[in-house]
1. If I filter the stretch 93-106 for residues that are at pLDDT 95 or above, of a type in the set (K, R) and touching a helix residue (DSSP H, G or I) at 6+ places or on another chain (Cβ under 8 Å), do I get at least one hit?
2. Which residues, taken from the stretch 354-368, are closer than 18 Å to D216 by Cβ and either over 18 Å from the mean Cα position of the chain (by Cα) or of a type in the set (D, E, K, R) (or both)?
3. Among the residues of the stretch 258-278 satisfying the criterion of being out of contact with any helix residue (DSSP H, G or I) (no Cβ under 8 Å at 6 or more places or on another chain) and within 15 Å of the ligand (Cβ to nearest atom), which is farthest from M312 (Cα to Cα)?
4. Give just the number: which of (1) in contact (Cβ under 8 Å) with a residue 12 or more places away in the chain; (2) more than 15 Å from the ligand (Cβ to nearest atom); (3) at positive phi does E69 not satisfy?
5. So which residues in the stretch 187-228 are open to solvent by 70 Å² or more (accessible area, probe 1.4 Å) and either touching a Ser or Thr at 6+ places or on another chain (Cβ under 7 Å) or modelled with pLDDT under 95 (or both)?
6. Being under 17 Å from C221 (Cβ atoms) and crowded, with 21+ Cβ neighbours inside 10 Å, is that true of even one residue in the stretch 318-325?
7. What residue, among those in the stretch 229-257 that are open to solvent by less than 30 Å² (accessible area, probe 1.4 Å) and within 29 Å of L40 (Cβ to Cβ), is nearest to the ligand (Cβ to nearest atom)?
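The values are calculated or read from the model by the stated rules, or taken from the named source; none is laboratory data. Quantities reported herein were computed from a predicted structural model and do not represent experimental measurements. Counting neighbours? That spans all protein chains shown, and the Cβs are built from the backbone with ideal geometry, glycine included. Accessible surface areas use protein heavy atoms only, side chains included; no ligands, DNA or RNA. Shrake-Rupley method; radii C 1.70, N 1.55, O 1.52, S 1.80 Å.
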Amino acid sequence: MSGTRRILIVGGGTAGWLAAAYLAKALAVSPRGATEITLLESPDIGIVGVGEGTFPTIRATLKFLGIDEREFLRETSATFKQGIRFADWLHAPDGDTRHVYVHPFEAPFQTDVGSLAPYWLAQEPRTRAPFAEAVTIQSRVADAGRGPKSAMDGNFAGPLAYAYHFDAVKLAALLSRHAMGAGVTHIADVVTRVDIAPDGMIAGVATRDHGTLQADLYIDCTGFRAELIGRALGEPVKSVRNHLFTDRAITAKLPYPRARGPLASYTLATAHEAGWIWDIGLADAHGVGCVYSSAHIDEARASDILHAYLGMQPGDVPTRTLSFEPGYRDRQWIGNCVALGLAGGFLEPLEATGIVMIEAGVAMIAEMFTHDGPVAAPARRFNALMRARYDNVGTFLKLHYCLSRRREPFWRDNADPGTWPEPLADLLEQWRYRPPGRFDFTLDTETFAFFNYQYILYGMDFGTTAPRLNHVPHGEDADRQFARIRGFGERATLELPPHRDLIEQIRGGH
Ligand code: FAD
């Protein structure tokens, strides 16, 4: 490679436009610059249009792109997400009795000497507060319908960690404006053929109306179609269906029963007999999706489950069914082609890890796509890091399922250790005697930290042996810390604004 570097991004969904905007900024695209970026997308094919929940990393990404939080909230119908509220994952509902727990984004408070988890474990199980409520103020704040910040806090800043829910179609439009403003060229056309050179590199991408486009690096963001990495280069999806069983989602978008009603500031994730339902509140509507395993129930049953959840009859609201193969491509970067987004892989919607993988991938491309150097070594490294990321996320997702005591076949299959990814059994064995800690993970390839595992484990009633009192020598400090957290939490629920008001204040600019 020499002279001007040309990058061709194929696909204009969240992956394509996020990559375009990010690389334009990171590689300083300009008319006389050393890098040119073109994004080609087919308006006829369109985008998948789901992917409304995000992870807190999105704030740093949007800030890096120079997007203003107010503009973002206004233009994408976004709301604040403080975590996920899980219902019915441990037990099926029994009359009015339901098991609920929260996975907040905020890390637990620490004592001066470390984690509060051992001290919480040493408390009386029947009377102690739920883990998330004991170690952070966030679940209390979100339960009270409050936002994670006040309108006076700065752009993307606030006292509590947060992410967003947003409309994916509107996000792509916002990102495209920013990318084009930063110098990205946009072509609306369809790929009709991908030419492969004798050395296995992509030689060009033929289009219907714009001839053949050539580049130094081709980024495949064509979603599940995977036109370059899959169809042209033949890299298969490595299925993880043996661990993660869901492979379908029936989705719907619904208006709120009343305008300006209270807004949840977490994703609601309600388990059902063969999967779970997401319920994501945007500013003007909520998106709902019934995720299920087609090996355990058929589409008609999944549709009944969704409609029962909505209190509606089939036909009352338009729905869409999406199929996916849970898995990822072993090699996501081959020669001069790298895949991002659904073209590279997708495990399932739980914990909203699709977009965070795109963020991780594009940040690596920005650093590893060297000007004149060979691409084979960065490609190997990229593939190793992305594989590790997918595997780690897979382990974390399985944890949500494998601790369930539900009796339906889907849940019994999930609880069968024969279906667990290899590291999980080993970790769970250790966590019977101590809580998850920072030495359990290699941080560069993790999306989730040890405390995310703690929230799921103890939300799901996992039994870590309570430490003997002489192993938790700072009990008084810890008790003081628990009391402070309770006090801060009570104050924060009074001081932070209701979630709906916060959004309106920020959007309205006052
Ligand atoms: P797409 O949005 O499908 O975009 C593909 C692009 O490629 C389009 O512009 C299309 O026109 C173009 N294209 C395709 N073929 C051609 C061609 N031949 N020529 C030209 N252009 C072409 N992620 C999260 O982070 N949070 C979530 O809550 C979440 N929920 C999900 C729920 C479901 C059911 C599914 C399936 C996914 C979910 N994801 C979620 C993943 C998320 O949707 C994706 O990571 C994200 O939308 C990125 O999609 P994409 O850009 O890769 O693909």
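1. Within the stretch 93-106, the first condition is being at pLDDT 95 or above, and the residues that meet it are 93, 98-106.
Keeping just the survivors that are of a type in the set (K, R) gives 98.
After this cut, where a residue has to be touching a helix residue (DSSP H, G or I) at 6+ places or on another chain (Cβ under 8 Å) as well, the list is none.
Within the stretch 93-106 (the criterion being at pLDDT 95 or above, of a type in the set (K, R) and touching a helix residue (DSSP H, G or I) at 6+ places or on another chain (Cβ under 8 Å)), the answer is no, since none of the residues qualifies.
2. Scanning the stretch 354-368 gives I365, A366, E367, M368.
3. T267
4. Looking at each condition in turn, E69 falls short on (3).
5. The answer is T192, D199, R208.
6. The first filter runs over the stretch 318-325 and keeps only residues under 17 Å from C221 (Cβ atoms), leaving 324.
Now restrict to residues that are crowded, with 21+ Cβ neighbours inside 10 Å: none.
No, the stretch 318-325 contains no residue that is under 17 Å from C221 (Cβ atoms) and crowded, with 21+ Cβ neighbours inside 10 Å.
7. In this case the residue turns out to be A249.
Matching residues to (1) assigned to a loop (DSSP other than H, G, I, E, B); (2) aliphatic (A, V, I, L, M):
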{"position": "G418", "(1), (2)": "no, no"}
{"position": "L427", "(1), (2)": "no, yes"}
{"position": "F451", "(1), (2)": "no, no"}
{"position": "Y458", "(1), (2)": "no, no"}
{"position": "T465", "(1), (2)": "yes, no"}
